[in-house]
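Take a look at the structure below.
The values are calculated or read from the model by the stated rules, or taken from the named source; none is laboratory data. A quick note: this is a predicted structure, and the numbers were derived from the prediction, not measured. Cβ placement follows ideal geometry from the backbone for every residue including glycine, while neighbour counts extend to all protein chains displayed. These accessible areas exclude ligands, DNA and RNA; they are computed on the full protein's heavy atoms, side chains included. Shrake-Rupley method; radii C 1.70, N 1.55, O 1.52, S 1.80 Å.
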Amino acid sequence: MVFRALSKCAGFLIGMILMCHSLAAQEVKELKIGFMATLSGPAAVFGKHMHDGFMLAVNQSNGALGGMATKIFVVDDKLDPDHAVEEATKLINEYGIDVLVGVNFSRVMLAVHDPVVRSRTVFIGTNSGPAPIAGRNCSRYFFSTAPQDDQVHETMGRYASLKGYQRVVTIAPDYEAARDSIAAFRRHFKGQIAREIFPKLGQTGFSSEFDQIAEIDPDAIYAFMPGGMGIELVRQFQTSGLKGIIPFLSTRTVNAVTLPYTMETGEGLFSASHWAPNLDNPANKRFVREFGRAYNYPPSVYAAQGYDAAKLIHYALELTGGAKDQEALISAINAAPFESVRGDFRFNSNQFPIQDFYLVEGVRRTSRLYEMEAIARVFDDVGDAFSGSCRL
């Protein structure tokens, strides 16, 4: 009888212990993050850099941002706005994400931004910053670790003016966002645009364009030519015989993503950026060192923006003590003691960064390694031109 009673007591105790463990497991808080980027097709390299940077910061926190177990749902937007909206809706309604992170390209961002913020989901952009989102359509649920899209172009316009260039030829693909980039360059360029050249989107031969430029003989060229078009433009700039004669200024044309393809043809060419691997601050030194170890390739600005987003979430959650409701997160993101890899960083009234912008140059490190190097600060602690239209 005593044995039976003891057995019952033991069984009861074991049952209570198991029930307590089960309740404790149910009480464990989990952070759910949706990460959206272009991860297929020719533009996938940008999404890969962004994702690798983000995951490096997650892994540095042992998979627990802010001490909270973190689950990442990665989706490919396929550079298709309609598909991106479907994926974002699924992440919010089916997976119950707490935060959406990412988006490479403006046409995808313009599609997903409104439905995401209408759902009151916290959204941290890591590359695309179209003017409407920074201005009249801004939202308290949206933050960006990337600049507003116009700012790098404005930086090169200011640099061209500071250099005293009077006549500049611009070259960009013939589509709306590229024309906007030229308009942004002109916002801070005080000289004359000698000619605007708009090759067809997807064009890969530029001999006639370089013949025009040689005939005009401007003080400088300003190029916005992303992706494969930019790689070919840089290669043909060298073979045209103009390299070393006419300065080549650019944005999103010469960068860490394209340098492995252009190599020596991109060496010595200029671009504008808010980040470079040689920025001298502890957070950046750690990021550059550990990114190279983890992925065996050098980081780009896209990786840096992804990394900053994860670090921002980490410090915000530390500030909330693990609370992840929207109001707590919004307040904490604005106030978090966040150390950006770019150094000086704070959010403007539209929740885009106030930061420095640099002239960066393609440089050779070894026979096979080329990097972008910051060589001059062009803007100090600057916000974007659209923040005044934001009413938060």
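Reported count of residues in region 131-140, each being touching a His at 6+ places or on another chain (Cβ under 8 Å) and part of a loop (DSSP other than H, G, I, E, B), is 2. Under the condition of being in a loop (DSSP other than H, G, I, E, B) and under 8 Å from S144 (Cα atoms), the residues counted in region 110-129 number 3. Filter region 287-316 down to residues that are assigned to a loop (DSSP other than H, G, I, E, B) and of a type in the set (S, T, Y) and give me whichever is surrounded by the most Cβ atoms within 10 Å (Cβ to Cβ). Looking at residues that are assigned to a loop (DSSP other than H, G, I, E, B) and of a type in the set (S, T, Y), I get S300. Residues that are of a type in the set (K, R) and closer than 22 Å to I313 by Cβ within region 102-119 comprise just one, R118. Can you find a residue in region 196-208 that is under 23 Å from L359 (Cβ atoms), free of Cβ contacts under 8 Å to residues at least 40 places away in the same chain and out of contact with any strand residue (DSSP E or B) (no Cβ under 6 Å at 6 or more places or on another chain)? No; the residues of region 196-208 include none that is under 23 Å from L359 (Cβ atoms), free of Cβ contacts under 8 Å to residues at least 40 places away in the same chain and out of contact with any strand residue (DSSP E or B) (no Cβ under 6 Å at 6 or more places or on another chain).
The number of residues in region 317-368 being open to solvent by 70 Å² or more (accessible area, probe 1.4 Å) and either outside any loop (DSSP other than H, G, I, E, B) or under 16 Å from V101 (Cβ atoms) (or both) comes to 8.
Whenever a residue of region 369-387 is without any contact (Cβ under 8 Å) to a residue 24 or more places away in the chain and open to solvent by 30 Å² or more (accessible area, probe 1.4 Å), its partners that are of a type in the set (D, E, K, R) and outside any loop (DSSP other than H, G, I, E, B), lying with C-beta atoms within less than 6 angstrom and at least six residues away or across chains, give the pairs I375/E361; R377/D356. Filtered by the rule that a residue be of a type outside the set (V, I, T) and over 21 Å from the mean Cα position of the chain (by Cα), region 91-111 gives N93, E94, Y95, G96. Based on what the data block shows, is A178 in contact with a Phe, Trp or Tyr (Cβ under 7 Å, 6 or more places away or on another chain) and under 24 Å from R342 (Cβ atoms)? The answer is no for A178.
For region 241-263, the set of residues classified as on the phi < 0 side of the Ramachandran plot, open to solvent by 50 Å² or more (accessible area, probe 1.4 Å) and in contact with a helix residue (DSSP H, G or I) (Cβ under 8 Å, 6 or more places away or on another chain) consists of K243, Y261, listed by residue number.
Of all the numbered requirements in (1) more than 28 Å from L249 (Cβ to Cβ); (2) in contact with a Phe, Trp or Tyr (Cβ under 9 Å, 6 or more places away or on another chain); (3) touching a residue at least 24 places away in the same chain (Cβ under 8 Å); (4) of a type in the set (A, V, I, L, M), L392 misses one, and that requirement is (2). If I filter region 275-286 for residues that are in contact with a strand residue (DSSP E or B) (Cβ under 7 Å, 6 or more places away or on another chain), touching a residue at least 12 places away in the same chain (Cβ under 8 Å), part of a strand (DSSP E or B) and surrounded by 18 or more Cβ atoms within 10 Å (Cβ to Cβ), do I get at least one hit? Within region 275-286, none of the residues are in contact with a strand residue (DSSP E or B) (Cβ under 7 Å, 6 or more places away or on another chain), touching a residue at least 12 places away in the same chain (Cβ under 8 Å), part of a strand (DSSP E or B) and surrounded by 18 or more Cβ atoms within 10 Å (Cβ to Cβ).
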